[in-house]
Every structure is written in C-alpha cells, then in structure tokens.
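First comes the structure, then the notes that go with it.
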Amino acid sequence: PKKNYLELKPKLPDPMAPPPEDDWPLQTIPFKQGTVERIYFFTQRGDHGECMTCGATVGAAVMTKVANGWRVDAVARNVLVQGAHGYGHGGESVKIGTERFGVLFETGGGNRGYYAGSKALVYEHQGKLKVLSIYDTSGNNTGACTEKEKCYSFDSTISFPPASSREFFDIQVVTRGSDSERLGDGIIKINRTRRYTFNGRVYALVQVAGEPAMDQEAMQVIETWLRLSEKNEDLGAI
C-alpha cells in the first residue's frame with residue numbers, strides 16, 4: 001500500500017561506515033501514468049569499496065499497483081555506478097513524456113580539486129529499463145587552480161521540450177561557461193547545445209551546436225574509427 005512503500009526510503013548512512021555487502025534500498029520514487037500508480041525502486045551495492053571516489057552499483061525496478069499488491073514490470077541489476085564511499089545518492093524524477101517519467105542521476109566525480117560532472121537518465125520503455133548517459137554536463141578546477149593554472153567552470157541546464165507527435169519529449173542540454181583547452185594551457189569558452197530524441201527504441205543524440213573545433217575534430221576521429229572497426233579489415237588504419 002502507498003502508506004507502506006514510502007517507508008522503503010533508507011535512513012541517511014554514515015559515509016565513513018563500511019557499506020553492506022549485499023543490496024539495500026537507495027530510493028523509491030512514486031509516479032502516476034495516467035490514473036495508474038507506479039513506482040521506480042532503486043537499490044545500491046557497494047562493489048567498489050569505501051574510498052572517496054568509490055560509488056555504489058545501482059539496480060532498478062519499475063512496478064505497477066494492482067488489486068492485490070504490486071506487479072514488477074521490469075528489473076535491471078547493474079544500471080549505473082554513482083555516489084561516494086560505497087554509497088549511492090538518489091536521483092530526481094523528471095517528466096519525459098505526456099504520461100512518461102524518468103529519473104535523472106548525477107554520475108560525475110571529483111579528485112584533487114577537479115570535478116567532472118555527467119548525468120544518467122533511467123527510464124522504462126516496453127517492459128525494459130534503459131539508461132541515457134549525458135557526459136560533460138559540468139566541470140571545474142576551483143580546488144586546484146592557481147596563478148599558474150587558470151580557473152575554469154561550466155554547468156548545464158537540462159530541459160524536456162514537448163514533441164507533439166511523439167510519445168517521449170526531446171532532451172535539450174545547454175552548457176555554458178569555460179573549460180580547459182586540454183591540449184594546451186589556455187581556457188576556452190563553452191557555449192554548447194545538445195539535443196536528444198527518442199527514436200522508437202532509445203534516446204539518441206541528434207544535434208550538437210556550438211562545439212569547439214577541437215571537440216569536432218575528436219568526434220570525426222571517433223566516427224572514422226567506428227566505421228573502420230565495423231568492417232574490421234584494415235588493422236593498420238584502425
């Protein structure tokens with residue numbers, strides 16, 4: 001019953017205590033699909049130890065309320081890894097369609113004054129749980145920049161503009177700020193917009209605007225490598 005499943009939310013763990021060896025609850029998110037009550041239920045498992053940069057392995061299930069309890073519609077054991085000290089931290093519910101909901105997780109991490117952020121969208125389609133990874137959504141070196149190393153910082157806004165003729169909304173990721181030049185000592189401005197569209201099976205990146213030239217060149221290298229790898233004939237070129 002609804003009055004009971006909210007109790008599945010765990011107490012805040014001690015981040016310095018060793019994580020349990022088995023799965024335990026991470027988060028329960030109720031939502032309605034039309035008039036039907038449903039829930040996303042997430043578990044966590046400390047496979048990677050208790051170090052500061054060791055997250056938890058997150059599993060997920062989606063369930064529907066029926067007359068005599070809850071029906072499990074889909075289960076995925078190893079959905080993503082996120083968190084710290086062997087513990088995960090919850091995601092936020094987002095509306096990705098007229099009657100569709102997903103859960104958006106932060107999956108980035110930091111070390112020695114640097115932070116690199118990314119997001120993971122967990123959603124259900126046709127009885128399967130799926131994940132969209134959105135990389136480079138935020139980053140900074142605010143804990144490491146000095147007079148010799150210039151400071152940079154960028155962040156993203158994620159929105160879900162409706163697509164009138166489709167069941168799932170589009171996903172728009174607008175990134176602004178500054179970033180390291182990576183191959184040099186300079187700082188470049190970031191003014192990038194990415195758009196993802198549901199293609200009937202999964203969310204796919206369909207548009208990128210405002211990428212720095214360096215990133216465009218990197219994408220060309222990756223695309224060429226993928227084409228060569230599919231044929232698997234010219235090993236020298238690969």
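What the table below lists for this structure:
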{"read-out": "Residue-count net charge about Gly143 - beta-carbon cut-off 13 Å; Lys, Arg +1, Asp, Glu -1", "value": "0"}
{"read-out": "Peptides 103-111, 20-28 ordered by average Cβ neighbours within 10 Å, highest first", "value": "103-111, 20-28"}
{"read-out": "Of all accessible heavy-atom area on the chain, the percent that carbon and sulfur account for (1.4 Å)", "value": "52"}
{"read-out": "Whole-angstrom Cα spans of the range 76-136 along principal axes, big to small", "value": "42, 23, 16"}
{"read-out": "Within-11-Å neighbourhood charge of Ala76 [Cβ basis; K, R +1; D, E -1]", "value": "+2"}
{"read-out": "Cα-based Lys pair tally, the chain, threshold under 20 Å, eight or more apart or on separate chains", "value": "21"}
{"read-out": "Accessible area (Å², per residue) of the chain, counting only protein heavy atoms and a probe of 1.4 Å", "value": "59"}
{"read-out": "Read-out Rg and Dmax of the Cα atoms in Å, derived from the coordinates shown; its label in (i) 22.9, 82; (ii) 19.7, 69; (iii) 20.4, 66", "value": "(iii)"}
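The values are calculated or read from the model by the stated rules, or taken from the named source; none is laboratory data. All values reported here derive from a predicted model rather than from experimental measurement. Don't worry about glycine lacking a Cβ; one is built from the backbone with ideal geometry, like all the others, and counts go over all protein chains shown. To get the accessible areas, we keep the full protein, side chains included, count just its heavy atoms, and leave off ligands, DNA and RNA. Shrake-Rupley method; radii C 1.70, N 1.55, O 1.52, S 1.80 Å.
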